[in-house]
Amino acid sequence: MKLAILGIKSFPAYFGADRVVENLITRIDKKINIYLYLTTVDNPKRLECNSNLHFIYIPTLKSKYLKAPIFFLLSSMHAVIRGKYDIIHVNNSDFGLFNLILKTKYKIIGTSHGSAYLRDKWNFIAKLFLKIFEKIFFWTSDILTTVSIRQYNQLIKKINKKIYFIPNGISIEDNFENIDLSRYNLLSTEYFLFCAGRIDKTKGLHILIDAYDQIDTNKKLFIIGDFSHDKKYSEMIFEACK
């Protein structure tokens, strides 16, 4: 059996949907051949294919607005013209428009990792297109899943289609590199942890800080993540932490 995975950008993963897929791959039967579509921009180092995991690197532009659409377009065209897969697994609802290309040849499992248009980094026009792409994604996916319980509860009321909620999971391997807590004067049982690849408003850190500020506790709040993604929001968080 041949499975193609589209919609993510990097492997090994750095954050988000890429991390979910990276974790998923470790749980797929080794008898299944996996073809993973990646960007040349986000993967300067090309990985060697192994017995059942194959990497397909697709060129695109280093552009905030064009990188993903060009990558998605070329990936879907490659899958239809040159691919011979049994099934396609598409991640991220902003891939939606390009599902129309894939549908000419394949059945699609679509996994939504949340609504991209909710993020403040996009302007009005971009958000409008992302909303349209999401609707097409829901409509064209033969099997629809989401990693968000909030989105699941919303979709079951709006979409006349079976939807599966499959929460994210994590794996801690033996070679997991622990963070040195001594530099923060912390013990492993003395803090609350918030961790996200990219820190933005949709992750709800500001809500957590507000709640933390209202409880009586001696435990510290330990926050890990990339604060360069949304500078305005990050500045607000830094100010709240003071």
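The values are calculated or read from the model by the stated rules, or taken from the named source; none is laboratory data. All values reported here derive from a predicted model rather than from experimental measurement. Note that we place each Cβ from the backbone using ideal geometry, even for glycine, and neighbour counts take in every protein chain shown. Heads up: the accessible areas ignore ligands, DNA and RNA and are worked out on the full protein's heavy atoms, side chains in. Shrake-Rupley method; radii C 1.70, N 1.55, O 1.52, S 1.80 Å.
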Test: residue in region 50-64 that is in contact (Cβ under 8 Å) with a residue 24 or more places away in the chain, exposed (fewer than 14 other Cβ atoms within 10 Å of the Cβ) and not charged (D, E, K, R): no
Any hit, region 217-229, residues being within 16 Å of the chain's Cα centre (by Cα), over 28 Å from Ile136 (Cα atoms) and either of a type in the set (Asp, Glu) or at pLDDT 90 or above (or both): yes
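Restricting to helices (runs of 4 or more DSSP H) lying wholly in region 70-167: which have 3 or more residues that are open to solvent by 70 Å² or more (accessible area, probe 1.4 Å)?
Values: elements: 96-102, 124-140, 149-158.
Of the helices (runs of 4 or more DSSP H) lying wholly inside region 70-167, those with at least 3 residues that are open to solvent by 70 Å² or more (accessible area, probe 1.4 Å) span 124-140, 149-158.
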Options Ser112, Ser141, Ser148: the member that is modelled with pLDDT of 85 or more and closer than 26 Å to Lys231 by Cα: Ser112
Pairs where the first residue, in region 36-47, is more than 12 Å from Lys9 (Cα to Cα) and the second is in a strand (DSSP E or B) and at pLDDT 90 or above, C-beta under 6 Å, 6+ apart: Leu47/Phe55
Selection within region 1-16 - surrounded by fewer than 21 Cβ atoms within 10 Å (Cβ to Cβ) and either over 21 Å from Ser141 (Cα atoms) or in contact with a His (Cβ under 7 Å, 6 or more places away or on another chain) (or both): Leu3, Ser10, Phe11, Pro12, Ala13, Tyr14, Phe15, Gly16
Residues that are open to solvent by 70 Å² or more (accessible area, probe 1.4 Å), under 26 Å from Ala13 (Cα atoms) and not in a helix (DSSP H, G or I), drawn from region 196-230: Ser228
Long-range neighbours under 8 Å by Cβ, at least six apart or interchain, first residue farther than 16 Å from Val90 by Cα within region 5-33, second outside any helix (DSSP H, G or I) and among the small types (Gly, Ala, Ser): Tyr14/Gly197; Phe15/Ala196; Phe15/Gly197; Thr26/Ser171; Lys30/Ser51
Ser93, sole failed condition from (1) out of contact with any strand residue (DSSP E or B) (no Cβ under 6 Å at 6 or more places or on another chain); (2) touching a residue at least 12 places away in the same chain (Cβ under 8 Å): (1)
